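Down below is the structure, laid out as structure tokens.
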Amino acid sequence: MARQKSSKGYGFGTAPVYLAAISTILGAILFLRFGYAVAHTGMLGSILIVLIGHAITIPTALAIAEIATNLKVEGGGEYFIISRSFGPMIGGTIGISLYLSQTISVAFYIIAFSQAFIPLFDWIEIKTGFMPQIWMVSLPATGLLIILMLKKGAGIGVSALWVVVGILAISLVFFFLGKSSSPVLRSDLFETVKDPDEFFKVFAIIFPAFTGMTAGVGLSGDLKNPRKSIPLGTLTATFTGMIIYILIVVKFTYSMSPADLAADQFAMSKIALWGPIIPIGLAAATISSAIGSILVAPRTLQALAGDRVFPVLSLNNFLKSGKGESNEPTNATLFSSIIIVVFVAMGSVDFVAQIISMFFMITYGSLCLVSFMEHFAGNPSYRPTFHSRWYLSLIGALACFIMMFQMSPAYALLAVVSIVLIYLSLKRLHPGQDDLSAMVKGVLFQLTRNLQVIIQKRQSQETQTRWRPSFIAISSNSFTRLAPFDLLRWISHYYGFGTFIHFIKGSLDQETQQESKTKLDQLITQSKASDAGIYVDTIISPSFKTAIAQIVQIPGISGMENNSILFEFDKDDPGEISDIIDGCNFATVVDFNVSVLRSSERHFGYKQRIHIWLTPGDYRNAGLMILLAYIIMGHPEWGNAEIELFAAFGEKELNREVAKLNNLISQGRIPISDKNVQKIPWNKRLKSYEALVSEHSENADLVIMGFSINKIVEEKGEFFKRFTNVNDILFVRAGQRIAIEEDYAEKKENKKES
């Protein structure tokens, strides 16, 4: 008896979900193509097809069950689940694909239903002299099914499912109880016909047999308790179908030879206890599958229209409108009927099977991907009462997309292109509604968090040659003096990581907090405009000194600890030097490498020449200075630059030190040619260091030289003010021992220890 539908649906229990799923699973492929599969792939090959197919469908069923227990599932079934998890654009894209697969499935099942009458065609020809055609059954059957759905709706459909599932069960019992007239004693479980079809072609034809497990999900709007009924009905039907298919493969294997199985698509009739029950079972299975699909497809279309997915408002209004108080999707059914009739007219089971396989693969892969991303994103609002495992969902998603291209690269590519075009069209029609980014951000957040934890747990003392820069730069003139920002983005372009912090002097209150938000927005805009790969932030503190004390203690954003700090002052305004000296002292406490940029109006000139100055006091700083020059030169803006290294030593040790430098540069693979290593004999009593540097580096675009914290403190920063003829200078002090290349003795010792 049909159940009267209320405004909230028919209030079905779990049984209709199970019946719709199992009647669709055990459908046309079971009766018409499983003998073909055993004939062309053997017993073990066919079982492998079943297992691979269920490696896709079981994770999908688990994902559906999980997501259904997290959401208040309404009408639209799988589409509702996808759209409410992925967002309207992705949901609409996959929803259209899902709708097409469901609708084309109706045509597939009706074509298969009409083939159940083939055994009668010879009898009719004998009696009448007229040979009927398949379309003479399929098209009238299509019309009758459409009329049935338009007149009676879901209520009569579910009632009919009880009848056809009963017939289906009887036909399977008769098949398993039957015996072939010539049973086979099979020793080779891989035995096939001569010149068998390729495995993946067989898989593509057989795969629709496993896709029916989601048929019951489409009744979500008509279920009393979808959170309970969808998981229970879907999973039970999926596992039931898998067991039955494996048993059928075994039964076929030991009942008929591959040649006999390949020659007769009604081979089941030869085995069954009563042969005619198989065409009857086929008719029952296919018509029940068609009913299950035609119950679901219009409801998916109605839900799509209800979300205004389509570009024409009048089309949305037409498709979402239902009949009477029950809101039966009459208009959506009429629209779907056109597609069904077109594919029924094609008349090829194998062709239509391959088409719907692709659409189902995309849908199932997306559902598994939703489940995986929800697991991985760690969203607190994702609280399903049924839990799958993230790796099962990932396996399901990967299996779907891999098998698509294994089955048919051309169809797979066409399906992917279609999905992309649908998505781009929907995104253009509905700008600003794509919230996939929220889920992606959640995934990236979890990935970054996990990587940071792993790095910290496994972090050991870095070897000297594996050092990479993790810089913090701080400035109160972030928008008027761009030199430190630019230098940081050059350093962080590829080899390192940078955090640029704008300093706001004051107490933390509403006014300064609002200022910090405004400044942060400006920094983000500046970062985007310059294509900087750095992290930007602000800090509010009573003084520059306290700000430095805070930032040298913060953890690295990149997952590695910060190891360097960058200060900056203007060449023509050295008033900030006293604050920088305090900052240098704090940085040395935590063993930071310290860089102080003295910027000028020249702003690094043409970015062609980098000069490095080394003196007897720069042994500790040499590695850091050379590496920073190399790293800066790696940025495209410095792509045509050359590094010149000036070795200023006394005459006695000059040749020895330059030879050591050349060897160091060669071993470290630093792109500095021997001709660019300049020998500078230096007698401190005859010429000052300032005069020496000014003489050779007045036109350099960036000069890098070392400095000593103790001397800077003693001289109150006078060293930073010298070199008046030189423009942009980066003063460097290494807080860590950084080597370009381990020497031979160290390598030998490390080898012994290992």
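Just a few scattered comments:
- Of (i) 225; (ii) 155; (iii) 198, the label for volume of the Cα convex hull per residue in Å³ derived from the coordinates: (i)
- Normalised contact order of the chain, rounded percent, pairs of Cα under 8 Å and 6 or more residues apart: 16 percent
- Separation of the L313 and L247 label points, Cα + 7 Å toward Cβ, nm: 5.7 nm
- Taking every DSSP bridge with both residues inside the chain, close to 15 percent are antiparallel.
- Each Cα pair under 8 Å and six or more residues apart adds its sequence gap; the mean of these over the residue count of the stretch 15-437 is a relative contact order of 36 percent.
- Sorted on the mean count of surrounding Cβ atoms within 10 Å across their residues, most packed first, peptides 622-634, 515-527 read 622-634, 515-527.
- Cβ-defined net charge surrounding L273, 15 Å radius [Lys, Arg +1; Asp, Glu -1]: +3
- Sorting 243-256, 286-299 by average packing, meaning the other beta carbons within 10 Å per residue, from highest down gives 286-299, 243-256.
- The alpha carbon convex hull volume per residue for the stretch 473-576 rounds to 107 Å³.
- With both residues required to sit in the stretch 532-672, DSSP beta bridges show an antiparallel share near 5%.
- Positive contributions from Lys and Arg (+1) and negative ones from Asp and Glu (-1), summed over other residues with Cβ under 12 Å from the Cβ of V309, come out at +2.
- Overall Cα dimensions of the stretch 338-426 - principal axes, largest extent first, Å: 49, 29, 25
Throughout, read-outs are computed from the coordinates displayed, never taken from laboratory work. Quick caveat: nothing in here was measured; it's all calculated off a predicted structure. Cβ: placed from backbone, ideal geometry, glycine included. Neighbour counts: every protein chain shown.
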